[in-house]
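One structure below.
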Amino acid sequence: MERGQLYRLEKPSKRDPKRHRVYVIVSRNFLIEVNFPTLICVPIFSKIIGLDTEVIVGINEGLKHDSVQYVVTN
């Protein structure tokens, strides 16, 4: 596993209306390399709103169409 890799999960939660959702690993590589027991992943959404905190993820990353991940900043 590496930071930035995409994973497709089948029915990630009961509340999610989608049958599948793509997630990207955002944990630091150091934590992945030392086999830290928990990785942080964020969902990828197909609806692009235009927020400054959206990061476009698309065909170049292996998706069928442009989508976004939301980056939370303080």
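The values are calculated or read from the model by the stated rules, or taken from the named source; none is laboratory data. Quantities reported herein were computed from a predicted structural model and do not represent experimental measurements. Every residue, glycine as well, gets a Cβ built from its backbone with ideal geometry; the counts of neighbours run over all protein chains shown. For accessibility, only protein heavy atoms count, side chains too; no ligands or nucleic acids. Shrake-Rupley method; radii C 1.70, N 1.55, O 1.52, S 1.80 Å.
Rounded to the nearest 20 debye, what is the charge dipole size of the chain about its Cα centre when +1 sits on each Lys and Arg Cβ and -1 on each Asp and Glu Cβ? Mind dumping the intermediate values first?
Details: 11 positive and 8 negative charges, 95 e Å.
Value, rounded to 20: 460 debye.
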Task: Distance between modelled label sites at S27 and L39, nm, 7 Å Cα→Cβ extension - done: 0.7 nm
Open item on the list: Give me the one-decimal nm value for the distance between modelled label points at K64 and L9, 7 Å along each residue's Cα-to-Cβ direction.
Closed with: 2.0 nm
TODO: Taking the Cβ of I44 as the centre, find all other residues whose Cβ is under 10 Å away and add up their charges (Lys, Arg: +1; Asp, Glu: -1).
DONE: +1
Task: From phi via Karplus (6.51, -1.76, 1.60), per-residue ³J(HN,Hα) for the range 45-52 in Hz, x at Gly/Pro - done: 10, 7, 8, 9, 9, x, 6, 5
- [ ] Can you sort R15, R28, R3 by 1.4 Å-probe accessible area, starting with the largest?
- [x] R15, R28, R3
Task: Sequence-distant residues sharing a close amide H with V57 (under 5 Å, placed H) - done: S67, V68, Q69
Open item on the list: Can you tell me, using C-alpha contacts under 8 Å and at least 6 residues apart, the relative contact order of the chain as a whole percent?
Closed with: 22 percent
Open item on the list: Using a 1.4 Å probe on the protein heavy atoms only, what accessible surface does E2 show? Give it in Å² to the nearest 10.
Closed with: 110 Å²
Open item on the list: What are the ³J(HN,Hα) couplings of the range 16-30, residue after residue, when phi is run through the Karplus curve with 6.51, -1.76, 1.60 and θ = phi - 60°? Round to Hz, x for glycine and proline.
Closed with: 6, x, 7, 6, 9, 9, 9, 10, 10, 7, 10, 4, 5, 4, 4
Open item on the list: Just to verify a number: what accessible area does F36 come out at with the full protein assembly present, 1.4 Å probe, Å² rounded to tens?
Closed with: 100 Å²
TODO: Give me the accessible area of L63, 1.4 Å probe, in Å² rounded to the nearest 10.
DONE: 30 Å²
TODO: Would you compute the Debye intensity of the chain from its alpha-carbon atoms alone, equal scatterers and no solvent, and pass along log10 I(q)/I(0) at q = 0.13, 0.19, 0.21, 0.25 Å⁻¹ to two decimals?
DONE: -0.42, -0.87, -1.02, -1.23
